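Just below is one structure, and these are the notes that go with it.
The values are calculated or read from the model by the stated rules, or taken from the named source; none is laboratory data. Computed from a predicted structure; not experimentally measured. Here the Cβ positions follow ideal geometry from the backbone for every residue, glycine too, while neighbour counts run over all protein chains shown.
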């Protein structure tokens, strides 16, 4: 027997099942009923889509609602997901449906809930209730009849549906279609037919769509509308009867439309929207060739470009609605399709451009092809480099050739080379060009060129030709390096005769230049003298005096220019003579000494005096100041005039000696040629006519050379006559005539094929030329001996006079210390000083004469005599003004200069009397173990120490002190010469300046006879500091030597004036080019170069 709760559970499941079945029938009843209603209404009503939508969703809601509530809800309970009826409710429902059970089942459930485990009484009551209802079936309580009743109701609309489907199927089908497709337009049958002109109805987005509809039928409508998306009503225009048109502007999306006239509509159409392909963006990446030095550039959007050849262009194209993208190149009609390299939407085309081209971007879709605008890419070819050079040739000494100029390229220069070769005179073999690379900065596209070729190592001879040019290469890596060459330059070494004529002409011009400078200096001195006399007599400085002094300053500038030009011309003349005439070492030394004298003509002291004079003139100072400065200038200008006179005389003497040496050299060559010819003539045979003809030609050449020698000897005679003291040139007329006669007879004998007799005449001619040679050699030797004797006698005489002057000046200084300015004897002191000054003038003239003969001494003599003269004049002036103390200082300076001259002449006299000295009275050079300055200073310190410890007094002490002071001054002057060296460092110059100042203190002590411990200490410090200075100079010299090992073999000389001007112009152009913006495009760079070339001076 089942328990009560189990029977209730089974009952509820069956109940839920019957409820679900009844729900299905109820849902079918309602759905079919509403469907039949809506179908009939739509079939006859042809409602709007909104009504049809209401029908559709009403049916859908009815069916889904009933199914959900009446079917799915009981099924869920049947499945145990939830409970729709509790046990008590089920018991009451059963009790109400089955009277026999009544409330027994409910009571049993209630008792069961009150039952405890040990309540037997209550358990018996429950069992009694269960027994009472155990035999009663609960099926009677199920809603079986209700379900059947619902099924009968559901059969009615279902049968109607079947009947309509069989009888009038169109009613159901058509109305069902219109309800289901409620959005779709279903036209109502009209008495006329709608005919669309173009039923495709396709249009590109954004374009206008024209619509034309034609109506055909019994009735023709008078108006027509277009209905878009069943909402927008657009009237159409009747273009003719039954034909209507309208244009839909700028269609942006797909539309559905139909045509409506009154209550009648056409079928529904759909506008097909087509998409045109279009560019969203394009980028052009340009990768320039590496050698151009340009970095990658990106250009936004397609554009016209100007690119160098070899550039790699990458098109990055982003498009929409394009199935294919390509780049079309004109005029080659080459189309390159873009490909996709990555996951993004960019499509890529790459191309390396060598020549200019036009291109278009093509975008393909199913419906159309889009052509972009035509763009232009101009490819600039890499042009060859441009070379602009100017050659410069040393036509004076023929020691170098060079080029200067510029090389430029559009992107860069890789190499510049200087090529040359030598065409030897008489040698038909042509050698290949030798190349010398010119260093440049290869990172720039502009190079400034300056290259010199030293011709000394090439050993070019007269008649040789040097061919040279410059070649430049660019850095083109696309088609290969291109080059440009300068013209081929030819530098010819003139023949020996031409060079000789040039040297003679330049010597004559230098002499005229020197005479002109001397004449201008004389006129300047005369002007100074007149101005000084006029100002001395005037009390007030006026405008005419100012103009006169300004003229003096201007004339002085002209003299300086003349002398500077003379110095440069003589230097060039000296270089050419050393290069081609190869004079003796003695003559070279004389030329160098003469050049040194010329360089010392313009002293800094005189320039400073003129500057001070100009300052006084600007300040309008009174007469005493100007007159004092003018007097100082007058004295210096007089010395310059004398120096010019002596330099001119020395130049003429040098020309004479050079001409004499050259004549002797040519005469010696003629003697050797004549001797060799005489041997060949003696060995020849009378039958060998060809050989005799050759000998005759050689003899005629010797005859011509002898005639040239005669002309040179005549020039030698003319040079001698121009000298102030001409030499006794021997008469060689007899030897000349006999030589010419013998040569002429030898030629005649050779013509008559008598070689033996011709040889005798040649022997005679050789002997006569040897006699001429002996006479010229005797002349040269006698000149040296005579000069030696004159120099020795002059030196002795001058030395005696200098010593006498020194003693008199020293005695005057001693006496001056004992007499004051108020003493009557003071006038006698002035007279004695005046006498010393007058005596010094006689000594000065003798020294000038000596300097004219031994011009190596001129520099020293000029300086010492000038200082002596100034000191004596100043001391005399101060004595007259009774300024004893100041006068004593200048007396000491004058005596020092006198002692310096005496010491130098004494040493020179000893050297001249020493057989080891040369014949000209000059100390030999390049002697080994020459003591350094520190060693000489050490010797001098020892002599000073010995003199301090000795017992000498009086005249002997004065002589020794004067000699030591002179030696110290000579060392100080060597220090000053070192200071003039521009290669010294600032520290070295400072060290030498301190040493010089200490030496000056020692000179004052020696002159004042004041030797003490401080003097000895100072001398030791001078010696130590000299050692340090020599060490520093020696280390610097070693550094310079190491640097010089990699330098050019010959120091570069001053650049020619045209070359300096050319380089200046090139520098200006370079500065302009460097100011051009680096981002300038190649086109504008090219235009800029052309512009700079046009404006170049």
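Given the structure, is residue 462 in contact (Cβ under 8 Å) with a residue 12 or more places away in the chain, under 21 Å from residue 579 (Cβ atoms), touching a helix residue (DSSP H, G or I) at 6+ places or on another chain (Cβ under 6 Å) and part of a loop (DSSP other than H, G, I, E, B)?
Working: in contact (Cβ under 8 Å) with a residue 12 or more places away in the chain: yes; under 21 Å from residue 579 (Cβ atoms): yes; touching a helix residue (DSSP H, G or I) at 6+ places or on another chain (Cβ under 6 Å): yes; part of a loop (DSSP other than H, G, I, E, B): yes.
Yes: the conditions hold for residue 462.
For the structure I just gave you, tell me whether residue 1009 is in contact (Cβ under 8 Å) with a residue 60 or more places away in the chain and either closer than 25 Å to residue 799 by Cα or in a helix (DSSP H, G or I) (or both).
Working: in contact (Cβ under 8 Å) with a residue 60 or more places away in the chain: no; either closer than 25 Å to residue 799 by Cα or in a helix (DSSP H, G or I) (or both): yes.
For residue 1009, the condition - in contact (Cβ under 8 Å) with a residue 60 or more places away in the chain and either closer than 25 Å to residue 799 by Cα or in a helix (DSSP H, G or I) (or both) - is not met.
Any residue at all in region 267-286 that's touching a residue at least 12 places away in the same chain (Cβ under 8 Å), in a strand (DSSP E or B) and more than 30 Å from residue 321 (Cβ to Cβ)?
Just the residues of region 267-286 that are touching a residue at least 12 places away in the same chain (Cβ under 8 Å), to begin with: 267-286.
Narrowing the set further to residues that are in a strand (DSSP E or B) leaves 269-270, 272-274, 278-286.
Right, trim to more than 30 Å from residue 321 (Cβ to Cβ) and you get none.
For region 267-286, residues touching a residue at least 12 places away in the same chain (Cβ under 8 Å), in a strand (DSSP E or B) and more than 30 Å from residue 321 (Cβ to Cβ): absent.
Considering each of 557, 547, 520 in turn, give the residue that is surrounded by 13 or more Cβ atoms within 10 Å (Cβ to Cβ), out of contact with any strand residue (DSSP E or B) (no Cβ under 9 Å at 6 or more places or on another chain), in the same structural domain as residue 594 (by TED's automatic domain parsing) and not in a loop (DSSP other than H, G, I, E, B). Even if it seems obvious, please write down each step before you answer.
Details: 557 fails: surrounded by 13 or more Cβ atoms within 10 Å (Cβ to Cβ); 547 fails: surrounded by 13 or more Cβ atoms within 10 Å (Cβ to Cβ).
Going through 557, 547, 520 in turn, just one is surrounded by 13 or more Cβ atoms within 10 Å (Cβ to Cβ), out of contact with any strand residue (DSSP E or B) (no Cβ under 9 Å at 6 or more places or on another chain), in the same structural domain as residue 594 (by TED's automatic domain parsing) and not in a loop (DSSP other than H, G, I, E, B): 520.
Does any residue of region 432-441 turn out to be free of Cβ contacts under 8 Å to residues at least 40 places away in the same chain, crowded, with 17+ Cβ neighbours inside 10 Å and either outside any strand (DSSP E or B) or assigned by TED's automatic domain parsing to the domain that holds residue 311 (or both)?
Initial filter on region 432-441 (free of Cβ contacts under 8 Å to residues at least 40 places away in the same chain): 432-441.
Cutting the leftovers down to crowded, with 17+ Cβ neighbours inside 10 Å gives us 438, 440.
Retained after the next criterion (residues that are either outside any strand (DSSP E or B) or assigned by TED's automatic domain parsing to the domain that holds residue 311 (or both)): 438, 440.
Within region 432-441, one or more residues are free of Cβ contacts under 8 Å to residues at least 40 places away in the same chain, crowded, with 17+ Cβ neighbours inside 10 Å and either outside any strand (DSSP E or B) or assigned by TED's automatic domain parsing to the domain that holds residue 311 (or both).
Being surrounded by 15 or more Cβ atoms within 10 Å (Cβ to Cβ), over 20 Å from residue 401 (Cβ atoms) and in contact with a helix residue (DSSP H, G or I) (Cβ under 7 Å, 6 or more places away or on another chain) is true for just one of 477, 482. Which residue is that? Talk me through it step by step, then tell me what you get.
Numbers: 482 fails: in contact with a helix residue (DSSP H, G or I) (Cβ under 7 Å, 6 or more places away or on another chain).
Among 477, 482, only 477 is surrounded by 15 or more Cβ atoms within 10 Å (Cβ to Cβ), over 20 Å from residue 401 (Cβ atoms) and in contact with a helix residue (DSSP H, G or I) (Cβ under 7 Å, 6 or more places away or on another chain).
Being part of a helix (DSSP H, G or I) and surrounded by 17 or more Cβ atoms within 10 Å (Cβ to Cβ) is the filter here; which residues of region 713-737 pass it?
Here is the first cut: in region 713-737, the residues part of a helix (DSSP H, G or I) are 713-722, 733-737.
Within region 713-737, 713, 716, 719, 720, 735, 736 qualify.
Consider residue 392 against the criteria (1) in contact with a helix residue (DSSP H, G or I) (Cβ under 9 Å, 6 or more places away or on another chain); (2) under 29 Å from residue 443 (Cβ atoms); (3) not in a strand (DSSP E or B): it satisfies all of them except one. Which criterion is unmet?
The failed condition is (3).
Of the conditions (1) modelled with pLDDT of 85 or more; (2) closer than 30 Å to residue 242 by Cα, residue 190 clears all except one; give me its number.
(1)
Does at least one position in region 843-859 carry a residue that is outside any helix (DSSP H, G or I), under 60 Å from the mean Cα position of the chain (by Cα) and either modelled with pLDDT under 80 or on the phi > 0 side of the Ramachandran plot (or both)?
Residues of region 843-859 that are outside any helix (DSSP H, G or I), as a first pass: 854.
Filter once more, keeping what is under 60 Å from the mean Cα position of the chain (by Cα): 854.
Going one step further and asking which of them are either modelled with pLDDT under 80 or on the phi > 0 side of the Ramachandran plot (or both), we end up with 854.
Scanning region 843-859, I find at least one residue that is outside any helix (DSSP H, G or I), under 60 Å from the mean Cα position of the chain (by Cα) and either modelled with pLDDT under 80 or on the phi > 0 side of the Ramachandran plot (or both), so the answer is yes.
Given the conditions (1) at pLDDT 85 or above; (2) in contact with a helix residue (DSSP H, G or I) (Cβ under 8 Å, 6 or more places away or on another chain), and given that residue 12 satisfies all but one, which numbered condition is not satisfied?
Going through (1) at pLDDT 85 or above; (2) in contact with a helix residue (DSSP H, G or I) (Cβ under 8 Å, 6 or more places away or on another chain) one by one, residue 12 breaks only (1).
Does region 914-931 contain at least one residue that is at pLDDT 70 or above and either surrounded by fewer than 18 Cβ atoms within 10 Å (Cβ to Cβ) or part of a helix (DSSP H, G or I) (or both)? Walk me through it before giving the result.
To start, the set of residues in region 914-931 that are at pLDDT 70 or above comprises none.
No, region 914-931 has no match at all.
What's the number of the condition residue 354 fails, among (1) part of a loop (DSSP other than H, G, I, E, B); (2) surrounded by fewer than 17 Cβ atoms within 10 Å (Cβ to Cβ); (3) touching a helix residue (DSSP H, G or I) at 6+ places or on another chain (Cβ under 9 Å)?
(3)
For region 485-499: of the residues being in a loop (DSSP other than H, G, I, E, B) and in contact with a strand residue (DSSP E or B) (Cβ under 8 Å, 6 or more places away or on another chain), which is surrounded by the most Cβ atoms within 10 Å (Cβ to Cβ)? Before you say what the answer is, go through the steps one by one.
Kept after step one, since they are in a loop (DSSP other than H, G, I, E, B), are these residues of region 485-499: 486-488, 493-495.
Applying the additional criterion that residues be in contact with a strand residue (DSSP E or B) (Cβ under 8 Å, 6 or more places away or on another chain) yields 486-488, 493.
Working: 486: 21, 487: 10, 488: 10, 493: 19.
Applying the filter and picking the extreme gives 486.
List pairs: first residue in region 643-660 and buried (at least 20 other Cβ atoms within 10 Å of the Cβ), second residue not in a helix (DSSP H, G or I) anywhere in the structure, Cβ distance under 6 angstrom, at least six positions apart or on different chains.
The qualifying pairs are 643/601.
Examine region 365-388 for a residue that is out of contact with any helix residue (DSSP H, G or I) (no Cβ under 9 Å at 6 or more places or on another chain), assigned to a strand (DSSP E or B) and under 27 Å from residue 575 (Cα atoms), and state whether such a residue exists. Show your work before the answer.
Keep residues of region 365-388 that are out of contact with any helix residue (DSSP H, G or I) (no Cβ under 9 Å at 6 or more places or on another chain), which gives 365-377, 379, 381, 384-385, 387.
Next, only the ones that are assigned to a strand (DSSP E or B) stay: 369-371, 375-377, 379, 387.
Among the residues that remain, those that are also under 27 Å from residue 575 (Cα atoms) are: none.
Looking for residues that are out of contact with any helix residue (DSSP H, G or I) (no Cβ under 9 Å at 6 or more places or on another chain), assigned to a strand (DSSP E or B) and under 27 Å from residue 575 (Cα atoms), one finds none in region 365-388, hence no.
Restricting attention to region 740-752, which residues are farther than 14 Å from residue 673 by Cα and crowded, with 17+ Cβ neighbours inside 10 Å?
Here is the first cut: in region 740-752, the residues farther than 14 Å from residue 673 by Cα are 740-742, 744-752.
Residues satisfying the conditions are 742, 745, 746, 747, 749, 750.
Could you grab me the full set of residues in region 527-543 that are assigned to a helix (DSSP H, G or I) and without any contact (Cβ under 8 Å) to a residue 24 or more places away in the chain? Let's see the steps before the verdict.
To start, the set of residues in region 527-543 that are assigned to a helix (DSSP H, G or I) comprises 527-537, 543.
Correct list: 530, 533, 534, 537, 543.
If only one of 909, 971, 901 is under 18 Å from residue 795 (Cβ atoms) and modelled with pLDDT of 75 or more, which one is it? Walk me through it before giving the result.
Details: 909 fails: modelled with pLDDT of 75 or more; 971 fails: under 18 Å from residue 795 (Cβ atoms).
Checking each option against the conditions leaves just 901.
In region 115-149, which residues are surrounded by 14 or more Cβ atoms within 10 Å (Cβ to Cβ) and modelled with pLDDT of 85 or more?
147
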